[in-house]
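A quick write-up on the structure given underneath.
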Amino acid sequence: MFAFTIFILFVLFILYKLMLIVPMREVHVIERLGKFRTVLQPGFHFLIPFFDRVAYRHDTREQVLDVPPQSCISKDNIQLEVDGLVYLKVMDGKLASYGIEDYRLAAVNLAQTTMRSEIGKLSLSQTFSERDALNEAIVREIDKASDPWGIKMLRYEIKNISPSRHVIHTLEKQMEAERRKRAEITLASAEKEAMINLSQGERQEAINISEGQKQKRINEAQGTAQEIAIVANAQAESMAMVAKALAVNGGNEAMNMQLKEQFIEQVGEILQKADISVVPTELAKMEGFFEGIQQVSNTAAGSKGARK
């Protein structure tokens, strides 16, 4: 029974070494007597016991490697602490096994050196504003260098870019100065716009006033012209009617009578309104005649008295 048990265990051991099941997410590198034989894809496979062995197992899924923080110097000589993540995938199991000792460690170290080199080409502000371009440049350089390793660099992501405390304090002061500058520019622009709007309003007001005065003078002139034209037309019509009336028999007598009546009415109005005595010229002449006669009489009476 002991020998039979040993035989059964030996047979099971041989069967275990003979059969190999490769999981879906892996590839296995097989060596025969220490020499590379093949790369087994996922599935069921047979091996020759004691001759074939699984030398390497590689995960074919996308792998994420953490890049530790490291010190970098930017183009404007500012020290930065930068870390990131590397996303890669094994494309060739043979190269990943024999092309390099540890492709994970190599990818991380290559990412660090490439990141230092790329950040050295950029200024501090560019490292923040051009992060996507920086990631693409690092991926391109790492993928080019890692091609003999049988891996594919999918992408690189920078997690943190941390300047020193002194740089952060300086940046804060710079940002505060920029904010004050923008605020002053905004206020100056607002004042400028207000002055422009005010001057334009005053100018428009002056224009409107002058236009109003101009239109007023035009309207007054047009009204005066219309008034003169109406009066002239009325006078012309009245003169035409007078001339027509004078041409009729008895027209002159009627005109003389009308003028006398108007003369009497106007004299009466003047006498009523005047503060001094107003008499017609003919009456004034008669009054002067009688005053002269009275003076002559007074002179003659004085001479007679003197003779007596």
Residue check for GLU81: under 43 Å from the mean Cα position of the chain (by Cα), touching a residue at least 24 places away in the same chain (Cβ under 8 Å) and part of a strand (DSSP E or B): yes
Scope region 169-196; condition open to solvent by less than 60 Å² (accessible area, probe 1.4 Å) and either within 16 Å of SER125 (Cβ to Cβ) or of a type in the set (S, T, N, Q) (or both); matching residues: LEU171, ALA177, SER189
Condition met for VAL86 (touching a residue at least 60 places away in the same chain (Cβ under 8 Å), crowded, with 16+ Cβ neighbours inside 10 Å and in contact with a Gly (Cβ under 8 Å, 6 or more places away or on another chain)): no
Residues (closer than 15 Å to ASP83 by Cα and not aromatic (Phe, Trp, Tyr)) located in region 124-157: THR127, ARG131, ASP132, LEU134, ASN135, ILE138, VAL139, ARG155, GLU157
Filtered residues of region 134-168 (kept if buried (at least 17 other Cβ atoms within 10 Å of the Cβ) and in a strand (DSSP E or B)): ILE151, MET153, TYR156, ILE158, ILE161, PRO163
So PRO42, is it open to solvent by 20 Å² or more (accessible area, probe 1.4 Å), touching a residue at least 12 places away in the same chain (Cβ under 8 Å) and either hydroxyl-bearing (Ser, Thr, Tyr) or within 30 Å of ASN160 (Cα to Cα) (or both): no
Cβ-Cβ under 8 Å pairs, at least 6 apart or on other chains, region 185-211 side touching a residue at least 40 places away in the same chain (Cβ under 8 Å), far side open to solvent by less than 60 Å² (accessible area, probe 1.4 Å): none
Yes/no for VAL27 being under 30 Å from THR113 (Cβ atoms), in contact (Cβ under 8 Å) with a residue 60 or more places away in the chain and under 60 Å from the mean Cα position of the chain (by Cα): yes
Evaluation of ILE6 against (1) out of contact with any Phe, Trp or Tyr (no Cβ under 8 Å at 6 or more places or on another chain); (2) open to solvent by 40 Å² or more (accessible area, probe 1.4 Å); (3) touching a residue at least 12 places away in the same chain (Cβ under 8 Å); (4) of a type in the set (A, V, I, L, M) (one fails), failing number: (3)
Test: residue in region 197-211 that is in a helix (DSSP H, G or I), open to solvent by 80 Å² or more (accessible area, probe 1.4 Å) and either touching a strand residue (DSSP E or B) at 6+ places or on another chain (Cβ under 8 Å) or within 30 Å of SER71 (Cβ to Cβ) (or both): no
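The values are calculated or read from the model by the stated rules, or taken from the named source; none is laboratory data. This one's a predicted model, so the numbers in the text were calculated from it and none came from an experiment. Neighbour counts are summed over all protein chains in view; Cβ atoms, including those assigned to glycine, are modelled from backbone coordinates with ideal geometry. Ligands, DNA and RNA are excluded from the accessible area calculation, which covers all protein heavy atoms including side chains. Shrake-Rupley method; radii C 1.70, N 1.55, O 1.52, S 1.80 Å.
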